[in-house]
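Below is one structure, written out as structure tokens; the observations come after it.
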Amino acid sequence: MYLELISTITPLLLIFMTEECVDTIFIKLNIFHAECLKLILSKTLGYAIVAGSVFVKFPQIAKIYSGGSVVGLSLATFVLETFCVIMNVSYNYAQSLPFSTWGESFFILVQLIVLLAQYFHYTSNKILLLVTPLLVPGLTVALTTLSHQYLALGLTAAIPLMALSKILQIKSNFINGHTGQLSFVTNLLNFLGTLARLFTVIQEVDDNLILFNIAAVFLLNTIIVLQFFLYWNVEPPKEKSS
């Protein structure tokens, strides 16, 4: 009876562990097997990150919409981040890596398209407002057809570019002396997400390129979160009405 039940639910269990771990934990009843427990934790965190990423940039989107402004936000940051996320999605998809280790990038990319559209809307750039929702998905799909060699080269280039995108926002915050329309909730979620993603990549992905990429982003996300506390009580200047 018990073995029949385990056999029935095995496809569900395999979402969070390997067949070896199913056998170890549920057949041999070695429920404290360290490697299997780490894998289960990693898989659970991975899917939690993917689920959370569906809404991670919504606070930023909402703040821009409610404020009717993109003051304090860096277009270069948005553009560079979008390119880097495009490369991450294309590389991971082409490599057939587990969705639990990169799925958040897909949902973040969708939200970045919305953020770029907002930026171009509030800066009255109608051409880019119309082109962006078509260009970004098209480029992502096209890149997945490239060979591993070129995708790896693109992802390698994306590491310093992603760092640059964060550095530009950090610099903008320091120069302005405030965080403007930047959303604390979104950046806190980014910080927590990259912290958890570091753990899942270490556990599940044997790729130093991806690991270095996540580690660099985590460090810069930490600095941005610290800036919120530094400028917590500083209000950005009101925009002059024309």
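Tell me whether segment 170-190 contains one or more residues that are free of Cβ contacts under 8 Å to residues at least 60 places away in the same chain, within 19 Å of ALA94 (Cα to Cα) and either under 17 Å from the mean Cα position of the chain (by Cα) or in a helix (DSSP H, G or I) (or both). Checked against the condition, which is being free of Cβ contacts under 8 Å to residues at least 60 places away in the same chain, within 19 Å of ALA94 (Cα to Cα) and either under 17 Å from the mean Cα position of the chain (by Cα) or in a helix (DSSP H, G or I) (or both), segment 170-190 yields no hits at all. Is there any pair with a first residue in segment 88-104 that is touching a residue at least 60 places away in the same chain (Cβ under 8 Å) and a second that is surrounded by fewer than 22 Cβ atoms within 10 Å (Cβ to Cβ) and outside any helix (DSSP H, G or I) whose Cβ atoms are under 6 Å apart and which are 6 or more apart or on different chains, and what are they? Note: pairs meeting the criteria are SER90/THR144; THR101/VAL205.
Of the set (1) outside any loop (DSSP other than H, G, I, E, B); (2) over 26 Å from GLN227 (Cβ atoms); (3) open to solvent by 50 Å² or more (accessible area, probe 1.4 Å); (4) of a type in the set (Val, Ile, Thr), all apply to THR145 but (1).
Taking the criterion of being over 14 Å from the mean Cα position of the chain (by Cα), assigned to a helix (DSSP H, G or I) and surrounded by fewer than 18 Cβ atoms within 10 Å (Cβ to Cβ), would at least one residue in segment 89-107 satisfy it? Yes, that holds for at least one residue. If you check ILE64 against the conditions, is it aliphatic (A, V, I, L, M), surrounded by 19 or more Cβ atoms within 10 Å (Cβ to Cβ) and under 14 Å from the mean Cα position of the chain (by Cα)? Criteria not met by ILE64.
Of the residues making up segment 162-195, those that are hydrophobic (A, V, I, L, M, F, W, C), more than 18 Å from PHE78 (Cβ to Cβ) and out of contact with any helix residue (DSSP H, G or I) (no Cβ under 7 Å at 6 or more places or on another chain) are PHE174, LEU192. Taking segment 17-37 as the range and being in contact with a helix residue (DSSP H, G or I) (Cβ under 6 Å, 6 or more places away or on another chain) and surrounded by fewer than 15 Cβ atoms within 10 Å (Cβ to Cβ) as the test, the residues that pass are ASN30, ILE31.
Among residues that are more than 30 Å from THR156 (Cβ to Cβ), basic (Lys, Arg) and in contact (Cβ under 8 Å) with a residue 60 or more places away in the chain, LYS57 is not included.
Within this structure, LEU115 fails the test of being outside any helix (DSSP H, G or I), more than 21 Å from ASP207 (Cβ to Cβ) and either modelled with pLDDT under 90 or in contact with a helix residue (DSSP H, G or I) (Cβ under 7 Å, 6 or more places away or on another chain) (or both). Read through the list (1) free of Cβ contacts under 8 Å to residues at least 24 places away in the same chain; (2) touching a helix residue (DSSP H, G or I) at 6+ places or on another chain (Cβ under 8 Å); (3) open to solvent by 40 Å² or more (accessible area, probe 1.4 Å), then give the number of the only condition that LEU198 fails. Of (1) free of Cβ contacts under 8 Å to residues at least 24 places away in the same chain; (2) touching a helix residue (DSSP H, G or I) at 6+ places or on another chain (Cβ under 8 Å); (3) open to solvent by 40 Å² or more (accessible area, probe 1.4 Å), only one is false for LEU198: (3). Looking only at residues in segment 50-61 that are part of a helix (DSSP H, G or I) and open to solvent by 20 Å² or more (accessible area, probe 1.4 Å), the one that is modelled with the lowest pLDDT is GLY52.
If I filter segment 215-226 for residues that are modelled with pLDDT under 85, more than 20 Å from VAL70 (Cα to Cα), part of a helix (DSSP H, G or I) and open to solvent by less than 30 Å² (accessible area, probe 1.4 Å), do I get at least one hit? Within segment 215-226, none of the residues are modelled with pLDDT under 85, more than 20 Å from VAL70 (Cα to Cα), part of a helix (DSSP H, G or I) and open to solvent by less than 30 Å² (accessible area, probe 1.4 Å).
The values are calculated or read from the model by the stated rules, or taken from the named source; none is laboratory data. Not measured: the values here are computed from a predicted model. A quick note on method: Cβ atoms are made from the backbone with ideal geometry, for glycine too, and the neighbour counts reach across all protein chains shown. All accessible areas refer to the heavy atoms of the entire protein, side chains included, with ligands and DNA or RNA removed. Shrake-Rupley method; radii C 1.70, N 1.55, O 1.52, S 1.80 Å.
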